[in-house]
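Chemist: Take this structure first; my questions come after.
The numbers here are math on the coordinates, done by the rules we state, and not lab data. Small disclaimer: the values here were computed from a predicted structure and weren't measured. No Cβ is skipped: glycine too gets one built from the backbone with ideal geometry, and neighbour counts run over all protein chains shown.
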Amino acid sequence: MRSLCMGYIEEDMLLPFPATSAEARETLRGVVGSVSELMTSHEKDYPKWDKAAEMPASYLEELKSFGLFGLIIPEAHGGLGFGSAAYSRTLQEVARFDASTAVTIGAHSSIGMRGLLLFGTDVQKQRFLPRLATGEMIAAFCLTEPGSGSDAASIRTTASREGDDWVVDGNKLWITNGGIADFFTVFAKTENADKRGNMTAFIVTKDMPGVSVGPHEDKMGLRASSTTTVHFERVKVPDANRLGEVGKGFKVAMKILNSGRTGLGGGAVGAMKHLISLAAKQANERSQFGKRIREFGLIKQKVGHMVVDCYASESTVHMVAALADQGYEDYAVEAAISKVFASEALWRCADEALQTAGGNGYMTEYPYERIVRDARINRIFEGTNDILRLFIALTAMDDVGGQLKELSKSLQGVFDDPIKGFGVLSEYALRRAQLATGIRKSAFTKVEPRLKTHATVFEDATKDLAIAVDRVLRKHGRNIIGKQFASRRLADAMIDMFVLACTLSRVNSSLVASGEEKAQQEIQILDVLSDEVKRRVRQNFEMVDRNEDESLKAIADHAFDLERFAWDTI
Ligand SMILES: Cc1cc2nc3c(=O)[nH]c(=O)nc-3n(C[C@H](O)[C@H](O)[C@H](O)COP(=O)(O)OP(=O)(O)OC[C@H]3O[C@@H](n4cnc5c(N)ncnc54)[C@H](O)[C@@H]3O)c2cc1C
């Protein structure tokens, strides 16, 4: 995305679509098949556990003995040693059946103990990973507090040094696995609690005196999964349990969240696949007006879109996971894109599947309403999609901002000495001019001729993105941070573009591998997505300059002031 903001397509990162080796595919198929069997055996239990808001201990034991808590733990420490792609695919299978189970495993692996994998010392790893792999210890991630959600740097939990120990004091809120965890990755301020940032990460275990958890939260969805408060009252934590450097806890937290996002994306894809099966079956079985409802255009439109959403999400989640597995370090923006797109695609799918089922969709006897309730949280936790949109836009534009700053420094005095000044037209400025005049356009070279029109959509959008980013940054400069309407539009365009690129890459690889006839349906999926992306991206770029933002802000301010709707018809 950083390159795209500069107008460059990094084709080698995108093409060919990352393939799974034959050996890895074999292993994964075996694991996924067994997971499917295990989950199928409890299919009737999930709705009951949802109603009762509980996950029986015997079922947790089954998950443990199956190795589901050791998915990403290296084999040397007793786990399965899965990379991001295999992990995400396995969570997909779990989520096809039950979101509460998927989030229990996901919170353990994606965030609960990932800090140990990323930042732990060898001693810490040897001490905890074997027990985490078997599920003897379940992990939880403790960042959120009553006064600190999106603004994670404002936490109030403290850790003060006392000899070789730290004394941790504070309260954490809505902690997934809180009631069943023995291993907590806890973030606490190690300096002045009033100062932003300056936090440090610690491993705290349940057996330490002063650790306690609150009751099971009664939630809208994921009801069987454990969510509780976690309290730390003068808990003595040895310095040997510190994760990473003192004062670098914010970075630790962000790195954990960035690395874990493909788990959530995989879960969303699994739920979408289940919804497509449900909706297709419903469309085949239900008749109205003397016809099966699958004959109606509006039903086809819904299910068609569900398939496009699922395919695009899966392509994007897999691409990001594969980039992580290939050792790319800088994939935080792309990981955020995969989370935002997949969680919103799931929300659309859940809503449309419920609509396809009509009144049955609203009845608790059927699975739809549970899936809708379960799906909603994905847009809120592990970074709200609003915050992630700002993160995507501001981080991806960072390099352009840097170059513009350089440019403005080097342009100082240009007009005093035009000849010397001409020489400072930096590479960036030259590229910018070439983009604006259309002399140069970054293009795909490895896309099959049949997909050229779709590649062109992406190439044109890349050029327009670079121009829009340049324009926005020149206009707002540092103040871009406060210009959320503009950032959101750029983020939406970036999300669409990256998703299109991943989907194009996958369809291209299918076309090469199986030929046009076999890849026909995938090409049609790309046809639909590419057209939609083209329209949305164009609109977003147009609206960067021409919009009704000021009116909308005034309307919102008016409502904030009154705290009610101001009009009535009587
Ligand atoms: C079921 C569940 C499980 C959870 N599990 C965990 C867990 O395991 N560990 C953990 O640490 N936390 C967990 N959380 C907490 C979760 O990560 C937070 O709810 C989330 O980060 C949002 O914080 P908040 O709820 O305080 O919302 P707020 O931060 O108060 O946000 C409220 C609204 O304002 C928006 N907003 C906030 N700041 C800005 C801004 N600068 N610009 C624009 N919009 C903004 C948000 O997007 C949101 O729409 C969980 C929450 C739930 C509900």
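Chemist: Tell me, what HN-Hα J-couplings in whole Hz come from the Karplus equation 6.51 cos²θ - 1.76 cosθ + 1.60 at θ = phi - 60° for each residue of segment 149-162, using x for Gly and Pro?
Modeler: The phi angles translate into x, 4, 8, 5, 5, 9, 4, 10, 4, 10, 9, 10, 6, 9 Hz.
Chemist: Along the Cα→Cβ direction, 7 angstrom out, place labels at ASP399 and HIS476. What is the inter-label distance in nm?
Modeler: Simple spin-label model gives 2.1 nm for this pair.
Chemist: Would you work out the Kirkwood radius for the chain? I mean one over the mean of 1/r across all pairs of different Cα atoms, in Å. Can you show the working numbers first?
Modeler: On the way: mean 1/r = 0.0391 Å⁻¹.
For the chain, the Kirkwood estimate is 25.6 Å.
Chemist: By the scheme Lys and Arg +1, Asp and Glu -1, what is the net charge of all other residues having a beta-carbon under 13 Å from that of VAL537?
Modeler: Net local charge, VAL537 excluded: -2.
Chemist: Assuming 0.36 nm per residue, please report the length gained on full extension of the stretch ARG286 to ASP12 beyond their Cα-Cα distance.
Modeler: Length gained, ARG286 through ASP12: 93.9 nm.
Chemist: Here is a further query. Cα-Cα over 21 Å: which of LYS125/LYS195; LYS172/LYS248; LYS273/LYS302; LYS172/LYS483? Intermediate values should be presented prior to the final figure.
Modeler: Values: LYS125/LYS195 31 Å; LYS172/LYS248 19 Å; LYS273/LYS302 14 Å; LYS172/LYS483 31 Å.
Beyond 21 Å between Cα atoms: LYS125/LYS195; LYS172/LYS483.
Chemist: Report D for segment 1-134 in µm² per second (integer): Stokes-Einstein, Kirkwood Rh on Cα pairs, 4 °C, 1.567 mPa s. Please list the in-between numbers first.
Modeler: Working: Rh = 16.7 Å.
Approximately 77 µm²/s, per Stokes-Einstein.
Chemist: If the cut-off is a Cα-Cα distance under 17 Å, which aspartates and glutamates reach LYS534, setting aside same-chain residues fewer than 8 apart in sequence?
Modeler: Cα-Cα hits under 17 Å: ASP309, GLU459, ASP460, ASP464, ASP492, ASP496, GLU542.
Chemist: While we're here: Aspartates and glutamates near LYS553 by alpha-carbon distance under 17 Å, same-chain residues fewer than 8 away left out - which ones?
Modeler: ASP386, ASP545, ASP561, GLU563
Chemist: Given the chain, what percent of its DSSP beta bridges are antiparallel, to the nearest 5?
Modeler: Here the share of antiparallel DSSP bridges comes out near 85 percent.
Chemist: How high is the FRET efficiency from ARG546 to GLN524, r the C-beta distance, R0 22 Å, rounded to 0.05?
Modeler: 0.05
Chemist: Where does each of 521-532, 539-550, 62-73 land if you order them by average Cβ count within 10 Å, highest first?
Modeler: Output ranking for 521-532, 539-550, 62-73: 62-73, 521-532, 539-550.
Chemist: So what's the back-of-envelope 222 nm ellipticity for the chain, counting only DSSP H runs of four-plus at -39500 (n - 2.57) apiece and dividing by all residues, rounded to 500?
Modeler: Estimated from H runs of four or more residues: -19000 deg cm²/dmol.
Chemist: Here's a follow-up. In segment 280-325, which chymotrypsin sites (Phe, Trp or Tyr not before Pro) fall in coil by DSSP and have 14 or fewer other Cβ atoms within 10 Å?
Modeler: Here the chymotrypsin sites (Phe, Trp or Tyr not before Pro) that fit, given the DSSP loop and packing criteria, are PHE289, PHE296.
Chemist: Run the Debye formula on the Cα coordinates of segment 438-505, all scatterers equal and no solvent, and tell me log10 I(q)/I(0) at q = 0.22, 0.23, 0.24, 0.29 1/Å.
Modeler: Evaluating at q = 0.22, 0.23, 0.24, 0.29 Å⁻¹ gives log10 I(q)/I(0) of -0.94, -0.99, -1.04, -1.27.
Chemist: May I pose another question? What number, in percent, do you get for the relative contact order of the chain if the mean sequence gap of Cα pairs under 8 Å and at least 6 apart is divided by its residue count?
Modeler: This gives 15 percent for the chain.
Chemist: Another question about this same structure. Using a Förster distance of 35 angstrom, determine the FRET efficiency expected from the C-beta separation of LYS51 and PHE296, and round it to 0.05.
Modeler: E between LYS51 and PHE296, to the nearest 0.05, is 0.55.
Chemist: Quick one: if the Förster radius is 30 Å, what FRET efficiency do GLU61 and ALA513 give, using the C-beta to C-beta distance and rounding to 0.05?
Modeler: Details: r = 42 Å, r/R0 = 1.40.
Once rounded, the FRET efficiency stands at 0.10.
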